[in-house]
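Visitor: Structure provided below as structure tokens; questions to follow.
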Amino acid sequence: ANAAAKGYIISLFLVSPSWREFAKLFASVQFQRPFTGQDPIQNRPRTSARRSRAPSQSHIECIAWHTMSNQGPSTKLVQPKTKAGKRALERKAPKLVEEPRKVLILTGHKTSQTVKDLLVDIQRMKATESVKLTGRKHDILPFETGGEVEIEGYSNKSDASLFVLGNHTKKRPDNVIMGRLYDFKLYDMMEFGIANYHGVTSFKASTIPQLGNKPAFVFVGQEFTTNKALIQAKSLFLDMFRGRQVDQINLKGLDRVVFVSYVPTLPGAGASLDEEVTPTIVFRQFAVRYKKSGTDVPRTVLEEMGPRFDMTVRRRREATLEMEREAMKQPKLTPKKQKNVKGDVLDGKVGKVYVPRQDLGSLNQGKMKGAKRERREQAAARKQKRNSRQE
């Protein structure tokens with residue numbers, strides 16, 4: 001390690017409160033290459049007015065504290081100061097019935113035109129349930145150590161539990177990463193390679209989904225129940241595109257069908273027989289047209305509306321057992337049954353109260369004045385009788 005790297009290590013060791021925090025900071029700061037005039041805080045080259053020089057101790061400490069402040073959403077309790085702030089915190093609070101999940105759409109440091117068009121089509125499919133942050137380039141690598149910190153920060157600010165990141169490199173061209181978050185922490189994600197892409201505008205039946213409408217999903221193939229990668233992809237697609245969960249839906253609200261299948265892939269040279277091979281996923285979307293049939297039930301016709309693309313699974317990360325167990329907990333929506341309580345139309349809530357049998361002999365009865373006078377007379381008569389016996 002060079003001198004700059006040693007400076008980073010010593011500074012992080014001094015400011016870190018524990019060994020675990022030190023490990024996080026040690027993995028997040030880039031110290032493997034020498035200092036070359038790059039600003040590590042803003043990740044951009046210095047201007048000509050600022051002379052390239054070796055980092056000082058104060059500058060290194062500033063970098064370390066900046067890294068510590070970006071380790072994810074803060075756990076500090078925020079107290080609202082206004083009524084609008086109180087309503088905003090209540091909207092972000094956990095709910096028994098979840099609202100539609102928002103999708104955070106991001107672009108990487110370098111993005112191809114194919115990936116840009118695909119991100120636009122995904123935003124059209126999600127309508128108002130998406131937050132697009134493609135105005136600037138984000139140098140985010142979620143599969144690298146500490147690469148999910150920036151995504152967790154953006155999702156916390158946008159109140160989004162899903163994200164789509166598009167980038168393009170020589171090693172992984174036309175790359176799209178889809179993932180989910182739980183409690184603004186990365187839950188799982190999958191990396192796909194896009195091929196044979198045709199956008200929505202290249203089809204005659206291109207329509208914009210109406211607000212409140214829902215798609216029907218068709219997953220064709222047995223591998224969606226046996227292959228681990230396809231099982232995760234199926235769950236991810238359902239969370240990404242199904243929208244609000246409802247018990248009933250009008251026939252007119254079912255305006256499109258999402259068709260997902262796969263093409264078997266032959267194992268590569270040198271692969272073992274026990275190694276699981278992930279097939280190529282085929283994604284299609286069709287518009288539902290209702291034609292006259294002469295009866296009460298209309299005739300249904302499917303017309304491809306796009307987008308159309310094939311996806312190859314490149315990398316994926318599953319959720320940990322602890323986080324999966326916590327995220328799969330289901331709230332009890334039915335209230336607890338109350339004993340001896342019934343509802344009445346006129347009287348409202350009517351209840352029964354059971355009182356045990358009382359022993360009337362053990363009751364503390366009040367002593368009347370007349371009873372006291374009788375007792376005095378009886379006592380006086382007994383005393384007079386004893387005196388007459390003695391005489």
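Visitor: Which residues, counting only those in segment 118-147, are buried (at least 18 other Cβ atoms within 10 Å of the Cβ), among the charged types (D, E, K, R) and modelled with pLDDT of 90 or more?
Guide: Residue satisfying the conditions is Asp121 alone.
Visitor: Does Phe192 count as farther than 21 Å from Leu302 by Cα and modelled with pLDDT of 90 or more?
Guide: So Phe192 fits the description; yes.
Visitor: Restricting the search to segment 109-134, which residues are touching a Lys or Arg at 6+ places or on another chain (Cβ under 7 Å) and in contact (Cβ under 8 Å) with a residue 60 or more places away in the chain?
Guide: Just the residues of segment 109-134 that are touching a Lys or Arg at 6+ places or on another chain (Cβ under 7 Å), to begin with: 109, 123, 129-131.
Answer for segment 109-134, where residues must be touching a Lys or Arg at 6+ places or on another chain (Cβ under 7 Å) and in contact (Cβ under 8 Å) with a residue 60 or more places away in the chain: just Glu129.
Visitor: Return a yes/no flag: does segment 291-298 have any residue that is modelled with pLDDT of 85 or more, closer than 27 Å to Asp117 by Cα and over 25 Å from the mean Cα position of the chain (by Cα).
Guide: No: zero hits.
Visitor: While we're here: Could you please give the count of residues in segment 183-200 that are more than 15 Å from Ala160 (Cβ to Cβ) and open to solvent by less than 20 Å² (accessible area, probe 1.4 Å)?
Guide: Total meeting the criteria: 8.
Visitor: Then there's this: Of all residues in segment 300-338, which are open to solvent by 50 Å² or more (accessible area, probe 1.4 Å), among the acidic types (Asp, Glu) and in a strand (DSSP E or B)?
Guide: The answer is Glu303, and nothing else.
Visitor: Counting just the residues of segment 159-182 that are of a type outside the set (D, E, K, R) and farther than 24 Å from Leu238 by Cβ, which one comes out surrounded by the fewest Cβ atoms within 10 Å (Cβ to Cβ)? Walk me through it before giving the result.
Guide: Restricting attention to segment 159-182, the residues satisfying the condition of being of a type outside the set (D, E, K, R) are 160-169, 173, 175-179, 181-182.
Among the residues that remain, those that are also farther than 24 Å from Leu238 by Cβ are: 167-169, 173.
Working: Asn167: 24, His168: 20, Thr169: 12, Pro173: 14.
Step by step, filter segment 159-182, then rank; the result is Thr169.
Visitor: Can I ask one more? Which pairs do you get when a residue that is within 27 Å of Val97 (Cα to Cα), found in segment 332-357, comes within reach of a residue that is surrounded by 10 or more Cβ atoms within 10 Å (Cβ to Cβ) and at pLDDT below 85, reach meaning Cβ atoms under 7 angstrom, with the pair 6+ apart or on two chains?
Guide: none
Visitor: A follow-up question, please. Does any residue in segment 152-175 that is closer than 14 Å to Val115 by Cβ and of a type outside the set (Gly, Ala, Ser) come within less than 8 Å, Cβ to Cβ, of a residue that is open to solvent by 40 Å² or more (accessible area, probe 1.4 Å) and in a strand (DSSP E or B) six or more places away or on a different chain, and which pairs are these?
Guide: Matching pairs, first to second residue: Arg172/Arg314; Asp174/Ala195; Asp174/Tyr197; Asn175/Arg314.
Visitor: Part of a loop (DSSP other than H, G, I, E, B) and in contact with a His (Cβ under 7 Å, 6 or more places away or on another chain): does that describe Gly294?
Guide: In short, no.
The values are calculated or read from the model by the stated rules, or taken from the named source; none is laboratory data. Here the structure is a predicted model, which means the values were calculated and not measured. Using ideal geometry, Cβ is built from the backbone for each residue, glycine included, and neighbour counts are taken over all protein chains shown. Protein only, heavy atoms only, side chains kept; ligands, DNA and RNA dropped before computing areas. Shrake-Rupley method; radii C 1.70, N 1.55, O 1.52, S 1.80 Å.
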